[in-house]
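Worksheet: the structure to be examined is printed underneath.
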Amino acid sequence: MKKLCVFLVGVALLTAFYACKKDSLGIYDPKMKIEKIYNEADGRYLMEQWFWDGNLLSRIDYFRKSGNLDYTQHYFYDKNRLIRIEMDDQHSDFLYDGDVLTTINTYDGDRKVETYQLSYDNKKLSHISIENDLQAKRCALWSPMNFLMPVQKESTMASLFSSDTKREHYDFSSAEVDFVWDGDNIKYMKMNLQRPDSVQKLVFSYVYDESLNPMSHFFIMNVDHQMLNDQPSYLFCSKNNPVSVYRTEEHGVHSQSKSYYYTYECYNKYPTKVYEPYLNDQNKWDSLLIYTYQYLY
């Protein structure tokens, strides 16, 4: 696995209610349990296989396009509350104040390389402060594909493993992430990242449909990965699935914006197929099937 090649940031939160209530973070018991996720964008192949021990997610196997196993994430619990995720010699520990998730520490072997501090407003997740050890050569690499919506196409994977110069350009020593809610969905995510020579400011706004998010209890945010691939982050605290995402960036005197769109085929309101609309050569809207989900029934 190419886990030595890029400094990614990952944080995994497992939640019980759509609104990411503070006393429910750390619990994942979805109504529809994912069994397999297939990549359809570049020829159909099994991308992820999920394993359950009763109602608890015990592990996820990640596969290469060749069909070979790439790596495995193992999940550990105190009763039904997540306390650790392990992958090879990397792991993240989840710390609680009573039932409230307050801190996540990520380790490479015995060395702590990332710390996440969580804050709440009216019992909902409102803020995450992130600190990175920029002297560390690597950190825990959570799957960049482990999103309900696509973060990247197969062809952009190479950008994850680019030269040290490019990687250092995207490193950040700290980040502040704020969430603005609209009912049970996150309406805005605002990010300030402290880069080596600047502060990068990003805002993501979301529009949702009525389809239900099967990962709404399973929140994985991969902040730096989004910067490397110029793609938005998708938040699994939300009850529904975003059909459009609008990204605005301010970097010094420059400002950029970009939109992303998705559609779904559903079973009992849960998506089974995810499409990305695009403009074809005739300047008409078309769509590309990019993911298929298989559930345990």
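Read the figures in this text as sums done on the coordinates, not as results from a lab. Treat the numbers as computed from the prediction; the structure is a model and nothing was measured. Methodologically, a virtual Cβ is constructed for each residue, glycine included, from the backbone with ideal geometry; neighbour enumeration extends over all protein chains shown.
Which order do the peptides 258-268, 177-187 take when ranked by the mean count of other beta-carbon atoms within 10 Å per residue, highest first?
Packing proxy ranking, top to bottom: 177-187, 258-268.
Return the aspartates and glutamates within reach of Lys124: Cα separation strictly under 18 angstrom, same-chain partners fewer than 8 residues apart disregarded; answer none if there are no such residues.
Within reach: Asp23, Asp97, Asp99, Glu176, Asp178, Asp182, Asp184.
Could you tally the net charge around Tyr293, taking each other residue with its Cβ under 12 Å from the Cβ of Tyr293, Lys/Arg +1 and Asp/Glu -1?
-1
Amide H to amide H, which residues 5 or more places from Val113 or on other chains are under 5 Å from it, using H placed in the peptide plane?
Result for Val113 returns Thr106, Tyr107, Asp108.
Here are some pairs, Lys123/Lys187; Lys187/Lys239; Lys33/Lys65; Lys190/Lys269; Lys36/Lys190; which of them have Cα atoms lying more than 20 Å apart in this structure?
Exceeds cut-off: Lys33/Lys65; Lys190/Lys269; Lys36/Lys190.
What whole-number value in cubic angstrom gives the convex hull volume per residue for the C-alpha atoms of region 15-96?
115
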